[in-house]
Amino acid sequence: MRGINILTEFSQKASEKIDPKLIKIDDTTLRDGEQTAGVVFANEEKIHIAKMLDDIGVHQIEVGIPAMGGDEKEAIKRIASMGLNCSLLAWNRAVISDLEASRECGVDSVAISISSSDIHIEQKLRKTREWVLESVRNSVDYAKKYNLYVSVNAEDASRTDMEFLLQFARNARDAGADRLRYCDTLGIMDPFETFMRIKTIKDIIGIDIEMHTHNDFGMAVANSIAGIKAGANYVNTTINGLGERAGNAAFEELVMALKHIENIDLGFNTKKFKEMSEYVANASGRIIPSWKPIVGSNIFVFESENRIKLYNANPRNYELFDPEDVGLEFKVILGKYSGFYSLKYKLELMGFSFNDSQISELVGIIRNKAISLKRSLFDSEIVETCDLYLKSNS
Amino acid sequence: MDTEKNIDDEKINIIDSTLRSGEQTAGVVFSKNEKIRIAKMLDEIGIPEIEVGVPSNSEHERDIIKAIINLKLSSRIFGYCEADPKEVDYAIQCGLKNIVITVFTSNGHIKEKYNNRRTLISKLKDTIKELKNNEINYIISAEDGTRADLELLLQIIHIAKNKGAFRVRICDSVGAFDPFKTFLRINTILSTVDFPIEVHTKNNFGMATANGLAAIRAGASSIMTTVNGIAEGTGNTALEEIVMALKYLEDVDLGINTSRFRELSEYVAKASSRAIPVWKAIVGTNVFAHESGIHADGVLKNPRNYEVFDPSEVGLTRQLVVGKHSGSHTILHKFKEFGIELTDVEANEILAMTRAMSVDLKRPLFDKELMYIYRDYIDSKNEENTEA
């Protein structure tokens, strides 16, 4: 039963209040988002996305990988010359030539990324732990010579032996790094493991920690929140959760969850979320599913009876925020799950005035129509159905 | 350093509600044949319990429910009713032996639905009487249960226990909880009363699966799912996500045939006209597609570098995508597949051409396009040679 007790302790600790001023978002739509297999942003699109993120109030933008050169470097230079309010961070391998390319772009911050797990060190890098630590020291040294803000990214941190991860974090801190990015590269953490690992690093090493989580098991947002609860103060997000494989922690989901579930309001202009999500969806060719949390077009479209009735009595009965908060609209549609109340509400809105017994009859008619169409009804079909009903009853 | 595992594999139950909660998605209607097909598939892959529909909805719905009961599947079949004896009568007409009874439990919901708690409890008791008279097995479902007063929730659980319900379902109907809050609530309930608890979590803030998992870690023994997570609003815990998360993150194997997950997801996606996003966790086609040089190289050296499980486990295949972020290893590997052995120099020169083309097209390249590039490359080499 000890396991239960530890988790209870974590959960209680996780309910402690956190000062919103301490929490910062580092959005990586332009880097990890673009790294999604099949996605390429045009430079104009990158510039537009950077502007929107800055407008909304994001603290830092990860703009790309200068070492790729060419167009990529050009886009980063242009974004760096726009005079945005937010900090700009460029992604690098722990290699001096990568950092030189970043310097040439004029960014104020760099991420220095290297794997910390044995499986990656041995099978991907084909090097040793000592080599990894030394590469980090050398590159942090170099970046600090040029007064860059430095995040050291522990790639595949989740599969890294904790003892070595602590050594890795200490090595980064002592070399002068400003923060450690904890990368759940494969998306294999659950919130409790995340809490435990982040708290351990934070308590022992005391460095600022950034969460970078993946959604392979659908837990990217929850794991980022668990990290914050355990003492992390940065989260690396992407708009719409764009990113490799199943994607990253979605910017809009994380920000709204912090605000409405955790009482951590970052003060962002959430009204622009839908617009921004749509822009990124179009630029990436990854259309927003209609049920996508926060910005999906269907999430404030209601059909079933109880949901509509209770929502209209008090919106908080079924939603924690209003559609306008994120640039969406509330709508009632009629279909198989419609009932008396929803019909009355919708038909009055459409200008019909039926008495109660007529509405009761229409419920059955509408339900059967939806069943035969195998979908909900368009407004024009509702009008048609009502007109027909009136004609046959007059 | 692992937090200790405390989940009993034998006791975790899945009740899939694609046919009820899933169909309740605004705009979605399944046909009779689709409902039957989905029920069969869920049964075949080993889902213990299936919620098939709302008997009070229509004659048509009752007809479908009867047809599914007549299939005599191994899965236990449930209907869904509000706490109202009249609704139960419709369920009995279909021949249902198992029913989920819903009561609305948060203060806001109670005010609208029942006016007060006393009415709620008396409705519930009347309904239970009807169920017992007809020897129906039942689960009591507490709508908006995460925001309900704990005292009321415990009262409902006591009624369930005393009157022979076999479980109580607690619904996070507005997705108001995070995993830690979920854990505390379920843990508190189970420390007070010993009774099987099921959870139904919503994805309003993207945490449905994590919350479901937290509830299970706190001792919940059943979880309600839908295929692809389809349901009203943002949806529910996705069947494929929770099953794989339990298996790979918590070491709890429910013995479900996961190799048919992609097939099942595709079928439900078609039937609901809700296409699976390519990045959908577990079943999206992009989950095993690798483009960036680092990832593709890592996967080629050892798939476990970037994949937790093999794509065949969920009915998918691995793809290497050649695009802007590709590296020379991918080029070498791709051309090897085409039967062409490139030298490192050739691979690097072709890489520069593929990157430029991908940036220009704003997408990765098809295999055909790679071959065109290869021919262009060979032609230009030949020209150079002739000129020399």
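The values are calculated or read from the model by the stated rules, or taken from the named source; none is laboratory data. All values reported here derive from a predicted model rather than from experimental measurement. Because the Cβ atoms are built from the backbone with ideal geometry, glycine has one as well, and the counts that use them run over all protein chains shown. Accessible surface is based on the protein model in full, side chains and every heavy atom, while ligands, DNA and RNA are left aside. Shrake-Rupley method; radii C 1.70, N 1.55, O 1.52, S 1.80 Å.
Selection of the stretch B:246-284 for residues being part of a helix (DSSP H, G or I), open to solvent by 20 Å² or more (accessible area, probe 1.4 Å), within 13 Å of another protein chain (Cβ to nearest Cβ) and not charged (D, E, K, R) yields B:Tyr248, B:Leu249.
Hey, does the stretch A:57-68 have a residue that's open to solvent by less than 10 Å² (accessible area, probe 1.4 Å), more than 10 Å from chain B (Cβ to nearest Cβ), free of Cβ contacts under 8 Å to residues at least 40 places away in the same chain and of a type in the set (D, E, K, R)? For the stretch A:57-68, residues open to solvent by less than 10 Å² (accessible area, probe 1.4 Å), more than 10 Å from chain B (Cβ to nearest Cβ), free of Cβ contacts under 8 Å to residues at least 40 places away in the same chain and of a type in the set (D, E, K, R): absent. Can you pull out the helices (runs of 4 or more DSSP H) entirely within the stretch B:133-243 that have at least 2 residues that are under 26 Å from A:Leu320 (Cβ atoms), of a type in the set (Lys, Arg) and within 14 Å of chain A (Cβ to nearest Cβ)? Filter on the stretch B:133-243 gives B:179-192.
Taking the stretch A:346-358 as the range and being surrounded by 18 or more Cβ atoms within 10 Å (Cβ to Cβ), of a type outside the set (Lys, Arg) and closer than 28 Å to B:Ser31 by Cβ as the test, only A:Leu347 passes. Of all residues in the stretch A:141-170, those satisfying the criterion of being open to solvent by 10 Å² or more (accessible area, probe 1.4 Å) and either β-branched (Val, Ile, Thr) or more than 26 Å from A:Leu88 (Cβ to Cβ) (or both) are A:Ser158, A:Arg159, A:Asp161, A:Met162, A:Glu163, A:Leu166, A:Gln167, A:Arg170. Specify the residue that is farthest from B:Ile230 (Cα to Cα); the eligible residues are those in the stretch A:167-192 that are within 13 Å of chain B (Cβ to nearest Cβ) and of a type in the set (Asp, Glu). Of everything passing the filter in the stretch A:167-192, A:Asp184 is farthest from B:Ile230 (Cα to Cα).
The residues of the stretch B:349-388 that are outside any helix (DSSP H, G or I) and surrounded by 14 or more Cβ atoms within 10 Å (Cβ to Cβ), listed by number, are B:Lys362, B:Arg363, B:Pro364, B:Leu365. Among the residues of the stretch B:285-305, those identified as part of a loop (DSSP other than H, G, I, E, B), facing chain A (nearest Cβ under 7 Å), modelled with pLDDT of 85 or more and closer than 16 Å to A:Gln35 by Cα are B:Asn286, B:Val287.
Checking each residue in the stretch A:293-306 for being within 7 Å of chain B (Cβ to nearest Cβ), assigned to a loop (DSSP other than H, G, I, E, B) and within 16 Å of B:Asn236 (Cα to Cα) picks out A:Pro293, A:Gly296, A:Asn298, A:Ile299, A:Ser304. Whenever a residue of the stretch A:193-212 is farther than 24 Å from B:Ala245 by Cβ and more than 13 Å from chain B (Cβ to nearest Cβ), its partners that are open to solvent by 50 Å² or more (accessible area, probe 1.4 Å) and part of a helix (DSSP H, G or I), lying with C-beta atoms within less than 8 angstrom and at least six residues away or across chains, give the pairs A:Ile205/A:Arg170; A:Ile205/A:Arg173; A:Gly206/A:Arg173; A:Ile207/A:Arg173. When B:Ala67, B:Ala91 are checked against the criterion of being assigned to a helix (DSSP H, G or I), on the phi < 0 side of the Ramachandran plot and open to solvent by less than 10 Å² (accessible area, probe 1.4 Å), a single residue qualifies: B:Ala91.
Scanning the stretch B:102-119 for residues that are touching a residue at least 24 places away in the same chain (Cβ under 8 Å) and either open to solvent by 10 Å² or more (accessible area, probe 1.4 Å) or more than 14 Å from every other protein chain (Cβ to nearest Cβ) (or both) yields B:Asn107, B:Gly108, B:Arg117. Applying the condition of being within 14 Å of chain A (Cβ to nearest Cβ) and crowded, with 17+ Cβ neighbours inside 10 Å to the stretch B:79-88 and asking which residue is farthest from B:Lys161 (Cα to Cα) yields B:Glu87. Of all residues in the stretch A:228-245, which are touching a strand residue (DSSP E or B) at 6+ places or on another chain (Cβ under 9 Å) and within 12 Å of another protein chain (Cβ to nearest Cβ)? A:Ile228, A:Ala230, A:Thr237, A:Thr238, A:Asn240, A:Gly241, A:Leu242, A:Gly243, A:Glu244, A:Arg245 - these are the residues of the stretch A:228-245 that are touching a strand residue (DSSP E or B) at 6+ places or on another chain (Cβ under 9 Å) and within 12 Å of another protein chain (Cβ to nearest Cβ).
Scanning the stretch A:27-45 for residues that are open to solvent by less than 20 Å² (accessible area, probe 1.4 Å), touching a Lys or Arg at 6+ places or on another chain (Cβ under 8 Å) and in a helix (DSSP H, G or I) returns a single hit, A:Leu30. All of (1) assigned to a helix (DSSP H, G or I); (2) in contact (Cβ under 8 Å) with a residue 40 or more places away in the chain hold for A:Leu328 with one exception: (1).
Given the criteria more than 14 Å from chain A (Cβ to nearest Cβ), in contact (Cβ under 8 Å) with a residue 24 or more places away in the chain and under 25 Å from A:Ser338 (Cα atoms), does B:Ile128 qualify? When the stated conditions are applied, B:Ile128 does not pass them.
How many residues are in a loop (DSSP other than H, G, I, E, B) and within 13 Å of chain A (Cβ to nearest Cβ) when one looks only at the stretch B:319-343? Going through the stretch B:319-343 one residue at a time, the tally reaches 6.
Here B:Leu316 does not fit the description of being away from chain A (no Cβ under 14 Å), surrounded by 14 or more Cβ atoms within 10 Å (Cβ to Cβ) and not in a helix (DSSP H, G or I).
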